[in-house]
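Enquirer: Sharing a structure with you now.
The values are calculated or read from the model by the stated rules, or taken from the named source; none is laboratory data. All values derive from a computational prediction rather than experimental measurement. Quick reminder, even Gly has a Cβ in these numbers, built from the backbone with ideal geometry, and neighbours come from all protein chains shown. The protein model used for the area step is the full one, side chains on, heavy atoms only, and it has no ligands, DNA or RNA in it. Shrake-Rupley method; radii C 1.70, N 1.55, O 1.52, S 1.80 Å.
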Amino acid sequence: MKAQVTVNTLRKMKQNGEKISSITAYDYTFAALADAAGIHIILVGDSAAMVVQGHSSTLPITMDEMVYHTRLVTRASKTAFVVADMPFMSYHASIADAITNAGRLVKEGGAAAIKLEGGASVCETISAISKAGILVQAHIGLTPQSVHQMGGYRIQRDEDRLLEDAFKVQQAGAFSVVLEGIPASIAETISGKLYIPTIGIGAGPGCDGQVLVMHDMLGLNIGHVPKFVKKYANMAETVETAFRSYVEDVSKGEFPAKEHCY
Ligand code: KIV
């Protein structure tokens, strides 16, 4: 039987140079499959706003909705370490709000840790949430909640700023940091300098682990797929083909057949 992944497992993996695999999930069924496959970290990403809810950014998803998705995922995960995203504006207005909302994801959602976006600018928040006894995964580089400030989803290339952000979130108490949308060479440098595990997305192979949005890697997305994604399946095609066959069978009266009847 596989052992429960804990923060200590992830720390040891970094020390031993073992790579960490992470994937997003938003519901019971897919979380159970990810867990059974041996994924180390399941991220209940605020990307749910886009891939589940159909919004054009991650900004609209609410705290209540993130708690809901987190509950579905933690109900399924037997050994994976579950991290839940803090949605836009759930940790910006005040430190007290941030602690309360992080607490909801752990207490009501059952998450083992929370994730929030930002570097030096959110260090006080990371420190306060950590001191409240909640594990924090930081997220620097291309931070989708700042899409308007960045002027779009742009690769971040300012090495000095990225290094400063990485050191500051580590110092503030983050147990891990997601590096998104940054050149592979910078991500490798950061990963070599930090003692906490770095989890990359669009940040090359030099990170301590990788994370992908489940819908992207399963080929469930019909729209644009970013360059950094490797498609491990073509589920959109498989599912649409199945639906078409069903429509055809029903319209021809071929389903249900004898074996489907009582
Ligand atoms: O919400 C999400 O899916 C994420 C990943 C892209 C890291 O934050």
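Enquirer: Does the stretch 192-200 contain any residue that is part of a helix (DSSP H, G or I), surrounded by fewer than 18 Cβ atoms within 10 Å (Cβ to Cβ) and in the same structural domain as LYS14 (by TED's automatic domain parsing)?
Expert: Kept after step one, since they are part of a helix (DSSP H, G or I), are these residues of the stretch 192-200: 192-193.
Okay, now just the ones that are also surrounded by fewer than 18 Cβ atoms within 10 Å (Cβ to Cβ), so 192-193.
Right, trim to in the same structural domain as LYS14 (by TED's automatic domain parsing) and you get 192-193.
Yes, the stretch 192-200 has at least one match.
Enquirer: Please specify each residue of the stretch 210-262 satisfying the condition of being buried (at least 17 other Cβ atoms within 10 Å of the Cβ) and of a type in the set (Asp, Glu).
Expert: Correct list: ASP216 only.
Enquirer: For the stretch 52-67, what are the residues that are touching a residue at least 40 places away in the same chain (Cβ under 8 Å) and either within 25 Å of PHE175 (Cα to Cα) or buried (at least 18 other Cβ atoms within 10 Å of the Cβ) (or both)? Give the derivation first.
Expert: Within the stretch 52-67, the subset touching a residue at least 40 places away in the same chain (Cβ under 8 Å) is 57-59, 63, 66-67.
THR58, LEU59, MET63, MET66, VAL67, listed by residue number.
Enquirer: If I ask for residues that are touching a helix residue (DSSP H, G or I) at 6+ places or on another chain (Cβ under 8 Å) and part of a helix (DSSP H, G or I), which ones from the stretch 55-73 would you list? First the steps, then the outcome.
Expert: Initial filter on the stretch 55-73 (touching a helix residue (DSSP H, G or I) at 6+ places or on another chain (Cβ under 8 Å)): 55-61, 63, 65-67, 69-70, 72-73.
Listed by number, the residues that qualify are MET63, GLU65, MET66, VAL67, HIS69, THR70, LEU72, VAL73.
Enquirer: A further question follows. If I ask for residues that are within 16 Å of the ligand (Cβ to nearest atom), free of Cβ contacts under 8 Å to residues at least 60 places away in the same chain and more than 27 Å from SER127 (Cβ to Cβ), which ones from the stretch 177-215 would you list?
Expert: Selection gives GLY204 alone.
Enquirer: Follow-up question, since we're still on this one. Which is assigned by TED's automatic domain parsing to the domain that holds GLY209 and touching a Phe, Trp or Tyr at 6+ places or on another chain (Cβ under 9 Å), of LEU33, LEU59? Talk me through it step by step, then tell me what you get.
Expert: On the way: LEU33 fails: touching a Phe, Trp or Tyr at 6+ places or on another chain (Cβ under 9 Å).
Residue meeting the stated conditions: LEU59.
Enquirer: Another question, if that's okay. Within the stretch 31-52, track down each residue that is within 12 Å of the ligand (Cβ to nearest atom) and assigned to a loop (DSSP other than H, G, I, E, B). Show your work before the answer.
Expert: Applying the first criterion (within 12 Å of the ligand (Cβ to nearest atom)) to the stretch 31-52 yields 41-52.
If the condition is that a residue be within 12 Å of the ligand (Cβ to nearest atom) and assigned to a loop (DSSP other than H, G, I, E, B), then GLY45, ASP46, SER47, VAL52 are the ones that fit.
Enquirer: Answer with yes or no whether ILE129 is open to solvent by less than 10 Å² (accessible area, probe 1.4 Å), more than 23 Å from GLY209 (Cα to Cα) and either in contact with a helix residue (DSSP H, G or I) (Cβ under 9 Å, 6 or more places away or on another chain) or not β-branched (Val, Ile, Thr) (or both). Steps first, please.
Expert: Details: open to solvent by less than 10 Å² (accessible area, probe 1.4 Å): yes; more than 23 Å from GLY209 (Cα to Cα): yes; either in contact with a helix residue (DSSP H, G or I) (Cβ under 9 Å, 6 or more places away or on another chain) or not β-branched (Val, Ile, Thr) (or both): yes.
So ILE129 passes the test.
Enquirer: Shifting gears a bit: Any idea which of THR6, THR58 is in contact with a Pro (Cβ under 6 Å, 6 or more places away or on another chain), closer than 22 Å to ALA138 by Cβ and modelled with pLDDT of 95 or more? Before the answer, list the steps.
Expert: On the way: THR6 fails: in contact with a Pro (Cβ under 6 Å, 6 or more places away or on another chain).
Matching residue, one of THR6, THR58: THR58.
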